[in-house]
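J.: Please find one structure pasted underneath; my questions will follow.
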Amino acid sequence: MRTIHINSAIQSYDIVIGEKLRHQIKDYLPKNYSSILVITDENVVYLYGNDLLQALKGNKVFLEVVPPGETSKSIQVYYQLLTKALEYSLDRQSLIIAFGGGVVGDLAGFVAATYMRGVDYIQVPTTILAHDSSVGGKVAINHEKGKNLIGSFYPPVQVLYDTETIQTLSLQDVRSGYAELLKEAMLANENFFTQLLSISLEQIAMKDLITALETGINIKATIVEQDEREAGIRKYLNLGHTLGHAIETRLGYGKISHGEAVAIGILFAMYVSQQELQVKLPLKQVKEWLTENNYPIALSFEQIDDLVEFMMHDKKVINSEIQMVLLKKIGEPVLHNINKQQIKKYLHSFIMSEVKG
Ligand SMILES: NC(=O)c1ccc[n+]([C@@H]2O[C@H](COP(=O)([O-])OP(=O)(O)OC[C@H]3O[C@@H](n4cnc5c(N)ncnc54)[C@H](O)[C@@H]3O)[C@@H](O)[C@H]2O)c1
Ligand SMILES: O=C(O)C(=O)C[C@@H](O)[C@H](O)[C@H](O)COP(=O)(O)O
Ligand SMILES: [Zn+2]
C-alpha cells in the first residue's frame, strides 16, 4: 500500500494505491456521512459493484449506474443524477463515491461540485487512464462544441486506487490510459519515457504497469500542487489535448477513446514542435511504437476544417490564438501560441507526412 499526499488550496487529500482497496473502503471514509451515493457505470457495477456495496454495509447507501463511455459525460445524465440525489434526499453531510474510469470520475465529481454548492466525494478509479483523471480535481461534462467545457476545479476528499481492478480492462482501454502515461513521461522524465516505449502493451506485466502508474501520478501531483487552477505550468498536462479533444468531438464522443485521440495529438504536437522550435524529437520512434501497439493514428484531409474549429474552443485559446503545449526536448515542455491559419497548414502537412509515411 502506498500513499501520495496532494496539497491543495481547496482541499488536500491522499491517494492510496493498493490491491483490493475496494473491499476496505469503509476504513478510508474520512468521517461519518449521513448517506452515500455511489455513481458508477454498467461495466464496473457488473464486475465490482457487489464488492463495493458489501464493503459499505452499515451505511445508508444509494446506487446510480450510468451507461459506459463518453456519452455519459452529458448535461442530460448530469441532470438525471442531480434529480436522483434530490429524490434520495442527499444533504450537505452526504458523500458521493465515483466508482469507475475517467468518465464516471469527471461526471460524479461535477455532480459533487454542484449539488447544494458542493458535497464531499471520493474517487475510486478503476482504469489506467484514471490515474490521471482522479488526481488534480478537474471535473467536467462535455458540450457538443467541445470536451469538458462545463466544469470546475473540485478536488476529492480521498482517492482509493484499487490496482486489482485494472486487470479486467480491454486492450483498447489499456492503450488509452498508457497514452496519458506517455504524456507525463514526455513532460518530465526521459528515462520513464524510454522505459514506457520499451514495453509492448500486449505483454505488459502488471507489476511494471503499477510502477508506471505511480510514477505518472507523482509527475501529475508535482505539477498540480504548483498550479492547481491551471494559470501556468498545469497547461503542460494538456500536451496532445488541443488536437486530441478536437478529434474526440469531431468523430462523436466515444467513437475513439480519450487516450487514443491524445496519442494522435501528441504526435502532432511533436511535429509542430519540430517546425516551430527547430528541434529534433523522437517523432519516428513514438509513431512506430504507437503503430506497433495498434493505436489508430490516421486523420483525413476532409476533417481539417472541423478540427480547427473545434480547436478554437480549446480552453487555452485566448484572443483567438491557439495555445499549444510543445516540446523543446523530452522533459522540457513550453507553451506556444499559433494562429488558426498556421494550425491549418500544419495539420495539412502533418497528414501529408503521414500519407507519405
Ligand atoms: N479530470 C481529469 O483530469 C482527466 C484526466 C484525463 C482524462 N479525463 C477524462 O477521462 C475520461 C476517460 O476516462 P477512461 O478512459 O477511464 O474512460 P471510461 O470511464 O469510459 O472507462 C473506459 C471503459 O472501461 C470500462 N471500465 C472501467 N473500469 C473497468 C475495469 N476495471 N475493468 C473493465 N472495464 C472497465 C468502462 O465501463 C468504459 O467502458 C475522458 O472523458 C477524459 O476526458 C479527465
Ligand atoms: O489535469 C489536467 O490539467 C489535464 O489537462 C489532464 C488531462 O489529461 C485531462 O484530459 C483533462 O481533463 C483535460 O483538461 P481540459 O481542461 O483540457 O478539459
Ligand atoms: Zn487527458
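Values quoted throughout were computed directly from the atomic coordinates according to the rules given, and no laboratory measurement underlies them. Quick caveat: nothing in here was measured; it's all calculated off a predicted structure. Here the Cβ positions follow ideal geometry from the backbone for every residue, glycine too, while neighbour counts run over all protein chains shown.
J.: For a protection proxy built on the mean count of beta-carbon atoms within 10 angstrom, sort 276-287, 238-249, 45-56 highest first, please.
T.: By packing density, highest mean first, the sequence is 238-249, 45-56, 276-287.
J.: Continuing with the same structure: Rounded if a/c is under 1.5, else prolate if a/b beats b/c, else oblate: with a ≥ b ≥ c from the C-alpha gyration tensor eigenvalues square-rooted, which is segment 158-208? Before the final figure, lay out each step's value.
T.: Numbers: a/c = 1.90, a/b = 1.31, b/c = 1.44.
Oblate, because a/c is 1.5 or more while a/b does not exceed b/c.
J.: Just subtract the alpha-carbon distance of I75 and T168 from 0.36 nm times their residue separation and send over the number in nm, one decimal. Walk me through the intermediate numbers first.
T.: Working: separation 93, 0.36 × 93 = 33.48 nm, distance 2.90 nm.
30.6 nm is the gain from fully extending I75 to T168.
J.: Let me ask something additional. Rounded to the nearest Å, what's the spacing between the alpha carbon centres of segment 61-123 and segment 157-236? Just the number, please.
T.: If we compute the Cα centre of each part, the gap is 25 Å.
J.: Please list, ordered by chain and number, the residues whose modelled amide H lies under 5 Å from the amide H of V66; skip anything fewer than 5 residues away on the same chain.
T.: Result for V66 returns T40, D41, E42.
J.: Then there is this: On the first, second and third principal axes, largest extent first, how far apart are the outermost C-alpha atoms of segment 207-266 in Å?
T.: For segment 207-266, the Cα extents along the three principal axes come out at 35, 33, 16 Å.
J.: Among bridges DSSP assigns within the chain, what percent are antiparallel (round to 5)?
T.: Antiparallel: roughly 45 percent of the beta bridges in the chain.
J.: Let me ask something else about it. Rounded to the nearest 0.05, what FRET efficiency is calculated for T3 and E309 with R0 set to 51 Å and r the Cβ-Cβ distance?
T.: Numbers: r = 44 Å, r/R0 = 0.86.
My answer for the efficiency is 0.70.
J.: Moving to a separate point now. Long-range amide H contacts for G331: which residues qualify at under 5 Å (H placed 1.01 Å from N, peptide plane, sequence gap of 5 or more or a different chain)?
T.: Amide H to amide H, under 5 Å and 5 or more residues apart or across chains, G331 pairs with L187, A188, N189.
J.: Nearest 500 deg cm²/dmol is fine: what mean residue ellipticity at 222 nm does the chain get from its DSSP H runs of n ≥ 4 alone, each adding -39,500 (n - 2.57), divided by its residue count?
T.: Computed mean residue ellipticity for the chain: -13000 deg cm²/dmol.
J.: Pairs K73/K220; K207/K356; K255/K328: which exceed 27 Å Cα-Cα?
T.: K207/K356; K255/K328
J.: To continue, here is another question. Nothing charged except the Cβ atoms of Lys and Arg (+1) and of Asp and Glu (-1): what's the magnitude of the dipole of segment 171-356 about its Cα centre? Round to the nearest 20 debye.
T.: Working: 20 positive and 24 negative charges, 87 e Å.
That gives segment 171-356 a dipole magnitude of about 420 debye.
J.: Can I ask one more? Working out 0.36 nm times the residue gap between N59 and Q203, then minus their Cα-Cα distance, what length gain in nm do you get to one decimal? Show your work: numbers first, answer last.
T.: Numbers: separation 144, 0.36 × 144 = 51.84 nm, distance 4.10 nm.
Additional length available on full extension: 47.7 nm.
J.: For N319 and K20, what is the calculated FRET efficiency with R₀ set at 45 Å and r taken between the beta-carbons, to the nearest 0.05?
T.: Step by step, r from the Cβ atoms, then E = 0.35.
J.: Can you list the residues of segment 40-64 with backbone N under 18 Å from a point 7 Å past the Cα of S152, pointing along Cα to Cβ?
T.: Nothing falls inside the zone, counting backbone N under 18 Å.
J.: Also, quick follow-up: Please find the FRET efficiency linking Q274 to Y28, where r is the Cβ-Cβ separation and R0 is fixed at 41 Å, and quote it to the nearest 0.05.
T.: 0.35
J.: Okay, moving on. Let me know the charge dipole size of segment 124-232 about its Cα centre in debye, to the nearest 20, where only the beta-carbon of Lys, Arg (+1) and Asp, Glu (-1) is charged.
T.: It works out to roughly 260 debye.
J.: Continuing with this model, one more query. Lys/Arg Cβ at +1, Asp/Glu Cβ at -1, dipole of segment 83-173 taken about the Cα centre: which of Q93, T168, S134 is farthest positive-ward?
T.: Q93
J.: What spacing in nm lies between the two simple spin-label points modelled at L251 and R229, each 7 Å away from Cα in the Cβ direction?
T.: 3.5 nm
J.: Next question. Quote to one decimal, in nm, the extra length available between Q11 and K356 on full extension: 0.36 nm per residue of separation minus the C-alpha distance between them.
T.: So the extension gain works out to 119.2 nm.
J.: Taking the Cα centre of the chain as origin, sum charge times position over the Cβ atoms of Lys and Arg (+1) and Asp and Glu (-1), and report the length of that vector in debye to the nearest 20.
T.: 540 debye
J.: Further question: Which order, highest average first, do 324-335, 299-310 follow once you tally other Cβ atoms within 10 Å for each residue and take the mean per peptide?
T.: Those peptides, ordered most packed to least, come out 324-335, 299-310.
J.: Quickly rank 140-149, 181-190 as a protection proxy: mean count of other C-beta atoms within 10 Å, highest first.
T.: Highest-to-lowest ranking by the protection proxy: 181-190, 140-149.
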